[in-house]
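Derivation of every value follows stated rules applied to the coordinates shown; laboratory data play no part. Given the structure is predicted, the values throughout are model-derived calculations rather than measurements. Neighbour counts run over all protein chains shown; Cβ positions are idealised from the backbone, glycine included.
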Amino acid sequence: MRKWILSAAMMAACGLLAGPAFVGAQSNKKPAKEKPAAAAAAETPKTDEVDLDALYKVKQEALQKSQVMKTLSFLTDVYGGRLTGSTNVKLAGEWAMKALQGWGLANVHEEMWDFGRGWTNERFSANVVSPVNYPLIGYALAWTPGTDGPITAEAVYAPLEKETDFDKYRGKLKGKIVLILPTREIELSKDPLSHRYTDAELAEIAQQPISGEGPTPEQRAQFERFRALREFAPKRNKFLLDEGVAMAVTAGRGDGGTVFVQSGGSRNPKDPPVPPQIVIASEQYNRIARTISDGMAVTMELNVQNKFLDGDGKSFDIIGEIPGSDLADQVVMIGAHFDSWHAGTGATDNGVGSAVMMEVMRVLKASGLKMRRTVRIGLWTGEEQGLLGSRAYAKEHFADRETMALKPEHEKFDVYFNIDNGSGKLRGVYLQGNEAAGPIFAEWMKPFANTGMTTLSIRNTGGTDHLAFDAVGLPGFQFIQDPLEYDTRTHHSNMDVYDRVQEADLKQMAAVVATFVYQAANREAKFPRKPLPPPQPAQRPGGGPPGM
Ligand SMILES: [Zn+2]
């Protein structure tokens, strides 16, 4: 690093760089009194130019000797999906800890926090058996009860969208398999499934948003629809339970055999019970509904074996370190959420982030680079239920965001980088409003411009674990990533699998993040912060702070 700063200063002295220190020198009409290079170097502000020797080593390890796909295969093929609280995620966690230890990381351990009960689906089969036989593509919704062994029952199409719909079906659903939502027309697909950002789109993302009059009428209407749906769901659940249905069936938003599957119940055993619920491919959902409207009875056979795992109610975060040298008490941190939904193997969400961040630690360790600050990895669970693992960690170590009472580690923290937006390579960084971070990242990105990493956006991006750090006034960043098939095919679906992950993209991510971490760990000054945010009192489900 030092060597590169010197050479930059020498270039500046030669007039190749126009740093502020040299503007005056150039206007000086007596160049004979030019200062020697050493003195000029002392006056030159410390820059964030990338250490090219380190970059070479990082690239060698991350691009030529990558192990990221092997790591990903263990997290997905062997142990996925990794629903928080499931047996799978625990086994995956044990494997990850062994891998980190095997690469020579120090202080590898789990930190536990309160989650609630676990849940797992152990068997699933769904078939239509009359008027003709055919198998169904389907999945159980998480935290719902299953069937008591195999069941055979008549399917009923009974869309329940508002309370007045209950009267239509009351007394008619006992023991039935009920299709509870209206059929959805499957449209011709016109757009490609996969997409990389164009230059124009990146330029758009880089724009400073200046808000106008608030949400548009469409946004307002959509918010209203969401709110109404959220309020109606528990009423529908109660109706279905009171009626004694055998199973509630929905289709979800996917098509082409892609089924998006999340949760239908609660990890808190004290919450009201829910009926058994499965989601099936929308084309098959539509087929059953059309057959019924053709006047033909449809009989289905289901075997859905779900289990609630009532243990100690804890989940884990995995932590591991590469200790620093003279600034070892300061911490540069990287992380990703380790958990996933359960229908796929949690490959793009977020096996990729976990495998890449593990790979970054391996690359830094294997390349033998010296780092002044300690580098720490955090693999979070409970992200899919609301950033629970990273928030628990931030609260335990840095500050309670409800009071903003700071802990000693807050002062010693440097910067956090997160990956959780799928398999697409890094195209830039969301600055999260941190103006001072812009010029630093601009330098660190330069050697990666030839991989498409070019864009800085002052915007906030949400939805993932960097927010846990940002919320307590620590610099936390998520990268801009190419969307690829994330929204169209993989995000929370049965098609979130290893085969949808792009190896070249993951290698680029590992090289970029390892370089960012190396630069941060050896930077002269600590990473700049935004002003501390005010305390954020906890929101009650009904909205408003406690006591209101
Ligand atoms: Zn997710």
request  = Enter the angle in degrees (range 0 to 90, nearest 10) between the Cα long axis of helix 217-243 and the first principal axis of the Cα atoms of the chain, meaning the one along which they spread out most.
outcome  = 40
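Calculate, in nm to one decimal, what E231 and E161 gain on full extension: separation in residues at 0.36 nm each, minus their alpha carbon distance.
Length difference between fully extended and current span is 24.1 nm.
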remark   = DSSP beta bridges in the chain: the antiparallel percent, rounded to 5, is 55
ask   = Mind listing the phi-derived Karplus ³J(HN,Hα) values for region 108-119, rounded to whole Hz, using 6.51, -1.76 and 1.60 with θ = phi - 60°, and x for any glycine or proline?
value = 6, 7, 9, 10, 9, 8, 6, 10, x, 7, x, 8
Dmax and Rg, reported as Rg then Dmax, of region 448-548 (C-alpha, Å) = 18.1, 54
request  = Give me the angle, in degrees from 0 to 90, between the Cα long axis of helix 503-522 and the longest principal axis of the Cα atoms of the chain, rounded to the nearest 10.
outcome  = 50
key: Neighbour cut-off at most 11 other Cβ (10 Å), DSSP loop, GluC sites (Glu not before Pro), region 184-283   = E185, E187, E213
Separation of the E224 and N107 label points, Cα + 7 Å toward Cβ, nm = 5.3
message = Taking 22 Å as R0, compute the FRET efficiency from the Cβ-Cβ separation of F308 and V78 and round it to 0.05.
response = 0.35
task = Compute the relative contact order of region 148-245 as a whole-number percentage, counting only Cα pairs closer than 8 Å that sit 6 or more residues apart in sequence.
result = 41
remark   = For region 454-509, the Debye formula with one identical point scatterer on each Cα and no solvent gives log10 I(q)/I(0) at q = 0.14, 0.20, 0.23 Å⁻¹ as -0.54, -0.94, -1.06
task = Using amide H atoms built 1.01 Å from N in the peptide plane, name the residues 5+ places from Q481, or on other chains, whose amide H lies under 5 Å from its own.
result = R427
key: Relative contact order for the chain, counting Cα pairs under 8 Å that sit 6 or more residues apart, in percent   = 21
ask   = Out of every Cα-Cα pair in region 264-333, what percent are more than 14 Å apart?
value = 79
ask   = If you take the Cα atoms of the chain, find Rg, then find the Kirkwood Rh from the mean of 1/r over all pairs, what is Rg/Rh?
value = 1.04
message = Show me the GluC sites (Glu not before Pro) within region 419-521 that DSSP assigns to loop and that have at most 13 other Cβ atoms within 10 Å of their Cβ.
response = E435
query = Which whole-Hz ³J(HN,Hα) couplings does region 79-91 yield from phi under the Karplus relation 6.51 cos²θ - 1.76 cosθ + 1.60, θ = phi - 60°, glycine and proline marked x?
reply = 10, x, x, 10, 5, 4, x, 8, 5, 3, 5, 5, 5
task = Two decimals is fine: what's Rg over Rh for region 215-373, C-alpha atoms, Kirkwood radius as Rh?
result = 1.12
key: Vicinal HN-Hα couplings computed from phi for region 179-189 (Karplus, 6.51 cos²θ - 1.76 cosθ + 1.60; Hz; Gly/Pro x)   = 7, 9, 10, x, 5, 10, 5, 8, 8, 4, 7
task = Before rounding to the nearest 500, sum -39500 (n - 2.57) across all DSSP H runs of length at least 4 in the chain and divide by the residue total; then give [θ] at 222 nm in deg cm²/dmol.
result = -9500 deg cm²/dmol
query = Once amide H atoms are placed 1.01 Å from N in the peptide plane, what residues at a sequence separation of 5 or more from Q277, or on another chain, have their amide H within under 5 Å of its amide H?
reply = L141, A248
remark   = With Rg from the Cα atoms and Rh as the Kirkwood inverse mean 1/r over Cα pairs, region 69-223 has an Rg/Rh of 1.07
